[in-house]
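This report concerns only the one structure given below.
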Amino acid sequence: MISVFRKLSWYFKEQWIRYTLAVTALIIVNILGVIPPMLLGEVIDLIQYNQVTAERFYELLAIFIGLTIVIYIVSFFWDYTLFGRAFLLEKKMRSKLMNHFMRMTPTFFGHYRTGDLMARSTNDLRAIMLTAGFGILTLVDATIFMFLIVMVMAIMINWHLTLAALIPLPIMALLMQKYGRAIHERFTKAQSAFSDLNNDSLESIQGVRVIRAFVQEKRDEEQFNAQTEEVFQKNIEVAKMDALFEPTIKVLVGMAYTIGLGYGSYLVMQGVITIGQLVTFNVYLGMLIWPMFAVGELINVMQRGNASLDRTGEVLSHEPDVQDPNDEVSIPTPKKIEFNQVSFKYPQAESYQLNGIILNIKQGETIGVVGKTGAGKTTLIRQLLREYPPAEHGVVTINDVPIDQIPLSMTRGWIGYVPQDHTLFSKTVRQNILFGDANASDEEIFRILELASLREDIEHLPDGLNTIVGESGVTLSGGQKQRVSLARALIKDPECLILDDSLSAVDGQTETKIIQHLKEERSHKTTIIVAHRLSAVKHADQIIVLDEGKMVEHGTHEQLMEQRNWYFKQYVKQQMEGGE
């Protein structure tokens, strides 16, 4: 339990005023809560000894009603304050996780699956929220409130009777500790199983068309049922431990009641305590049910919260592979990009994906990058995107400054990137395009649509720019998705536009139009085009051919055609196939 508060100490320090007020109000309510049973006992004794008067009765009744109203008001305050802070923690943690995800590199997302991250961002944060809210409530009630009731019972009634009635407490403490350890272990396994289910469900939904195409619906359903059964069984194991708390506490409370009534009745007959005191004592025993139950709930909630804090803490402790430099160098405009003997391999890879790359790119040039599948084309542009740590050998420089000395926001701010896998958001076409520049006007949007040869397609959509594209752009064709992604990058008007095989789904005629528009629009800015279809790079100022991470050819289209190597053969082959 101490470890939970240590892990959340940053938040409690930040919100200490609110938590202090909430806990203080809760303690006040607990103190006021022990007064009504005393009033009840006094009324019973007054009636027993025929000493009750109307004035005294109404006085006690007024005190009772007043206490009820005060308790109600103060209870509202602590409830609102305490659980409001708990919800705020959940909000902060969710924002913290999302900001962390945004800073992470592909290495991180290769280690954690999407479903697992979603589970940690939902179920685990809910458990942490309960720890900061309900956990604090049970902590106060299981300690201060219980201690207060016990002290009142011992001092105001009889300490011998109190001591006897509390004999079951040590037994309960031992059992709760044992149950708590078991819950922590089982809850961690249940959350892990839920993460797996979450991830596979996400993949099934995203790949539903592939599943149907291969008639694998039944198999996928069987796999899903098996996983839900596993999650169910693991949660049943948690529920079994949960189910032990309440009956265990009820049995022990029942034992305390039995001792209290039996021994209390004996003390009444001996004249040690009055009937009113015995009634008050038993009311206090009844009030002890919640604090004793709160002990179990406290351990339960804290163990769940501890497990969830461990899971979220594991994610948050993951440092990004690429970080901003300590001594930043600011560059106004990237006039020159150089690859100086760059050799790079992915983390945990044995061989190099880039080997001795030498390339000089001047502002305003168009660079074509071609080669066989797996030759290292995407890996090359990832050096500019800075998705991985700097190359082990050689260096990428911008204006003669090593790229790792320039702030990430600056280098990425220069780049407009259109990846191979076109990610569209489940929003309108307009919103997807404005993702590149939120302040762009409709006039600018339509101009960009012309550049991307997309305007006619958009006009044929049901609601034009306001058409919802659906999950991952499901309502658009492959070529339309590519051109929406291209428009999103173009509207940013980047210093360096990178197209990573981004025209593969459009026909040759449309590709020619787009390339011509790019030549006219970006004559003074850098463009890097990665392509399998060589017609997309024919116009480039420089074309490099990669093979197994090495640059095996370099020159203009005309120069490479004269060399009659891979580029020449591939170009001739594609021309014979109609440019496809």
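Full extension of the segment from Leu46 to Tyr58, taken as 0.36 nm per residue of separation minus the current Cα-Cα distance, would add 3.0 nm. Debye-formula intensities of region 336-576, expressed as log10 I(q)/I(0) at q = 0.17 Å⁻¹, are -1.29 (one equal scatterer per alpha-carbon, no solvent). Pairwise inverse Cα distances across region 393-502, averaged and inverted, put the Kirkwood hydrodynamic radius at 14.8 Å.
Beta bridges assigned by DSSP with both partners in the chain are antiparallel in approximately 50 percent of cases.
Place a point 7 Å from the Cα of Thr258 along the Cα-to-Cβ direction; which residues of region 140-181 have their backbone N under 20 Å from it? Only 161-176 fall inside the zone, counting backbone N under 20 Å. Pairs of Cα atoms nearer than 8 Å and 6+ residues apart set the relative contact order; for region 2-316 it is 32 percent.
May I ask you to compute the full-extension gain from His393 to Glu328, defined as 0.36 nm times their residue separation minus their alpha-carbon distance, rounded to one decimal in nm? Write down the numbers at each step before the final one.
Values: separation 65, 0.36 × 65 = 23.40 nm, distance 2.16 nm.
Length difference between fully extended and current span is 21.2 nm.
Please give the peptides 87-98, 222-233, 285-296 ranked by average Cβ packing (other Cβ atoms within 10 Å per residue), highest first, as a rough proxy for protection.
Numbers: 87-98: 15.4, 222-233: 13.4, 285-296: 20.5.
Order by mean packing, descending: 285-296, 87-98, 222-233.
Stretched out straight at 0.36 nm per residue, the stretch from Thr143 to Asn439 would grow longer than its current Cα-Cα span by 100.9 nm. Axis of helix 114-132 versus longest Cα principal axis of the chain: the two differ by about 30°, to the nearest ten degrees.
With Cα atoms as the point set, the radius of gyration and Dmax of region 247-342 evaluate to 32.6, 101 Å.
Its residues counted as N, region 502-580 yields a C-alpha radius of gyration over 2.2 N^0.38 Å of 1.10.
Label point of Tyr346 set 7 angstrom out along Cα-Cβ; within region 96-120, amide nitrogens under 11 Å from it belong to 106-107, 110-111.
Taking R0 as 25 Å, what's the FRET efficiency between Phe87 and Glu246 from their Cβ-Cβ distance, rounded to 0.05?
Details: r = 26 Å, r/R0 = 1.06.
E(calc), rounded to 0.05, equals 0.40.
For the chain, the dipole from Cβ point charges (+1 on Lys and Arg, -1 on Asp and Glu) about the Cα centre works out to 760 debye, to the nearest 20. Binning the C-alpha pair distances of region 2-316 at 20 Å intervals from 0 yields a P(r) profile of 26, 45, 22, 7, 0 %, listed from the shortest bin outward. The C-alpha atoms of the chain define a longest principal axis, and helix 168-206 lies at about 20 degrees to it.
Which links in Lys92/Lys492; Lys377/Lys525; Lys362/Lys550; Lys13/Lys250; Lys372/Lys492; Lys492/Lys513 stretch past 29 Å when you go from one Cα to the other?
Working: Lys92/Lys492 31 Å; Lys377/Lys525 21 Å; Lys362/Lys550 21 Å; Lys13/Lys250 37 Å; Lys372/Lys492 31 Å; Lys492/Lys513 20 Å.
Long pairs (Cα-Cα over 29 Å): Lys92/Lys492; Lys13/Lys250; Lys372/Lys492.
For the chain, the 222 nm mean residue ellipticity estimated from helices alone, with every DSSP H stretch of n ≥ 4 adding -39500 (n - 2.57) and the total spread over all residues, rounds to -20500 deg cm²/dmol.
With both partners inside region 336-576, how many of the DSSP beta bridges are antiparallel, as a percent to the nearest 5?
Working: 19 of 37 bridges.
Within region 336-576, antiparallel bridges account for around 50 percent of the total.
So, R0 is 51 Å and r is the distance between the beta-carbons of Leu169 and Ser192; what FRET efficiency does that work out to, to 0.05? The partial results should precede the final answer.
Numbers: r = 35 Å, r/R0 = 0.69.
The formula returns an efficiency of 0.90 here.
With one equal scatterer per alpha carbon and no solvent term, the Debye-computed log10 I(q)/I(0) for the chain at 0.05, 0.07, 0.08 1/Å reads -0.39, -0.64, -0.75. Ellipsoid semi-axes for region 1-63, based on the Cα gyration tensor and the rule √(5λ), read 44, 13, 4 Å when sorted largest first. Over all Cα atoms in region 446-580, the spread is summed up by Rg and Dmax: 16.3, 51 Å.
For the chain, the longest principal axis of the C-alpha atoms and the axis of helix 442-451 are separated by about 50°.
Report the calculated FRET efficiency for Asn565 and Arg18 (r = Cβ-Cβ distance, R0 = 56 Å), to the nearest 0.05. Intermediate results must be reported in sequence, preceding the final value.
Working: r = 71 Å, r/R0 = 1.28.
Calculated transfer efficiency: 0.20.
A short reminder: the numbers here are calculations on the coordinates, not readings from a lab. A quick note: this is a predicted structure, and the numbers were derived from the prediction, not measured. Here the Cβ is made from the backbone with ideal geometry for all residues, glycine too, and neighbour counts use every protein chain on show.
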